[in-house]
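Before any comments, here is the structure.
The values are calculated or read from the model by the stated rules, or taken from the named source; none is laboratory data. Predicted model only: the values in this text are computed from it and were never measured. Glycine also receives a Cβ, built like all others from the backbone with ideal geometry; neighbour counts cover every protein chain displayed. The area values use the complete protein model at the heavy-atom level, side chains included, leaving out ligands, DNA and RNA. Shrake-Rupley method; radii C 1.70, N 1.55, O 1.52, S 1.80 Å.
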Amino acid sequence: MRNIVVIGTQWGDEGKGKIVDLLTPHFSIVARYQGGHNAGHTVVIGDKKFILRLLPSGILHPETICVIGNGVVVDPQALQSEIAELQTVGISVTGRLWISSRAHLIMPYHRAIDIATEDALGDEKVGTTRRGIGPTYEDKISRRGLRVADLLDKESFRQKVLAHSNAAIKRLRTSGHNLSDDKDQYDSYFQAVECLTGFIKDTTYFLNSAVKAGKNILLEGAQGTMLDIDHGTYPYVTSSSATAGGAAIGTGLGPNKITGALGITKAYTTRVGSGPFPTELNDEMGEHLRKQGNEFGAVTGRPRRTGWFDALIVRYAVMVNGLGTIALTKLDVLDQMPEIKVCIGYRLHGKEINELPSTASALEQVEPIYRTVKGWQETTAHIKHYEKLPEKARDYIKLIEDLVECPIGMISTGPERDETIFLPNQLMQGWLM
Ligand code: GDP
Ligand code: IMO
Ligand code: MG
């Protein structure tokens, strides 16, 4: 049995899409288990760039089965356009994409609520992707959501959607929001819903039967540990369980079926949206990282905030996800740096701490303690073997490995599939059988 969960260890955008695509040939099924089209997972193949939002990043391999698990929130219109985009380049999902009947549906009013609540928060806003993710999970937890299975009964579904929309608008009015819900948009919504009917399955039974039959599953996390609703920098988080535990909840696979966890870690740190970011660089160095790393949101195009590597955050991710190994990405972005800083601890109210505080306000106040190392100032792009990396780059990798207390099994030095170095890591090699 070999079912591996892939997790972002920082604030998302660590390069999960590239790594999932790369690992896909070693698995029969790739499944998403949380989040929605707030995710933007980039896969670069030659001169083609694909940004997967709801579809698992394994979808580009024609023989791979892809599953959108029960923990995902599905926007039918977004999914329809993603499927259509792939069709234009000759990739068909028919017969190899399954959507859980238990997944919750994002409605047009969820988007409207997301936008209205964010705008009303002003400076306090979370900086969401404005896709309706949070309000859909709110309805799920409040036990008033509509699920994929509901759309199979066409007539009652239409009535339910309109009734739910009216109720949502009324609820919002009591909290001071005057929401207008444009009813015309429901025509295209119902059209998109029609397109999804052929993909619906009880994926809980499907995945468990696959495991029984000896098939291997790659579980693709979206967002990252620090955006997890429980373990992240609450309230500046997304509304789902982006950590490894979420994979069991969001697929219906028992925890004993998930045999390993791979963390995806950027060689520095980025964040989109509001919230604490102790190692953030609001200077030329930050601008350099943004430019070199092309740090602009894959979904919203927003410039990502950038900063030095924070070992406390990744060590915390190693702990809460039970990571067995890490893929270190975007090492090449640091190639030109004369000096690189790594955060090895924090100072809070004059005292040194080496654990993450549990509140966003405390994390806002910490002062990072840095270790400065010399950069390698050579290109690492296209290097295939660890030994060929500049010595100072290897020292940097070793330092990170020691600080985060987890072995690094893979290094990525560019967006393309072949810009990857596999280390002689037993666990990793076992996963790539
Ligand atoms: P995800 O959300 O974790 O899948 O990451 P995103 O796709 O949002 O952002 C990662 C970005 O970095 C994408 O543009 C990737 O093509 C790119 N990328 C991935 N790995 C590397 C790498 O090792 N080096 C460089 N320079 N770019 C990379
Ligand atoms: P991938 O999977 C980076 C952030 C948003 C915002 C917060 C809440 O590509 O790594 P939401 O719309 O989810 O309610 O927004 O979470 N966020 C992400 N940041 N990468 C992502 O996904 C993200 N998905 C959500 O910017 O701060
Ligand atoms: Mg992304």
Has the stretch 260-277 got at least one residue that is open to solvent by 20 Å² or more (accessible area, probe 1.4 Å), more than 16 Å from ligand 3 (Cβ to nearest atom) and in a loop (DSSP other than H, G, I, E, B)?
-> yes
State the number of residues belonging to the stretch 358-384 that are at positive phi and at pLDDT 95 or above.
-> 1
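Quick one: which of 38, 70 is away from ligand 2 (no atom under 12 Å from the Cβ), open to solvent by 10 Å² or more (accessible area, probe 1.4 Å) and farther than 21 Å from residue 333 by Cα?
On the way: 38 fails: away from ligand 2 (no atom under 12 Å from the Cβ).
Criteria check complete, one pass: 70.
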Check the stretch 309-326 and report whether any residue there is more than 16 Å from ligand 1 (Cβ to nearest atom), open to solvent by 10 Å² or more (accessible area, probe 1.4 Å) and at positive phi.
-> yes
Would you check if residue 96 is free of Cβ contacts under 8 Å to residues at least 40 places away in the same chain, under 28 Å from residue 45 (Cβ atoms) and surrounded by 16 or more Cβ atoms within 10 Å (Cβ to Cβ)?
-> yes
Using beta carbons and a limit of 7 Å, which pairs, at least six apart or on different chains, have the first residue in the stretch 419-433 and more than 17 Å from residue 27 (Cα to Cα) and the second one aliphatic (A, V, I, L, M) and at pLDDT below 95?
-> 419/381; 421/383; 422/428
Residue among 346, 316 that alone is under 20 Å from residue 13 (Cβ atoms) and either under 26 Å from the mean Cα position of the chain (by Cα) or in a strand (DSSP E or B) (or both) = 316
Subset of the stretch 45-67 (residues that are of a type in the set (A, V, I, L, M, F, W, C) and within 13 Å of ligand 3 (Cβ to nearest atom)) | 50, 51, 52, 54
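Residue by residue through the stretch 388-433, note down the ones that are part of a helix (DSSP H, G or I), open to solvent by less than 30 Å² (accessible area, probe 1.4 Å) and modelled with pLDDT under 95. Walk me through it before giving the result.
Of the stretch 388-433, the ones part of a helix (DSSP H, G or I) are 388, 391-404, 426-431.
Next cut, open to solvent by less than 30 Å² (accessible area, probe 1.4 Å) only: 393, 396-397, 399-400, 403-404, 428, 430-431.
Result: 428, 430, 431.
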With the checklist (1) closer than 30 Å to residue 72 by Cβ; (2) in contact with a strand residue (DSSP E or B) (Cβ under 9 Å, 6 or more places away or on another chain) in hand, flag the one item residue 348 doesn't pass.
-> (1)
Answer with yes or no whether residue 131 is away from ligand 1 (no atom under 16 Å from the Cβ), at pLDDT 95 or above and assigned to a loop (DSSP other than H, G, I, E, B).
-> no
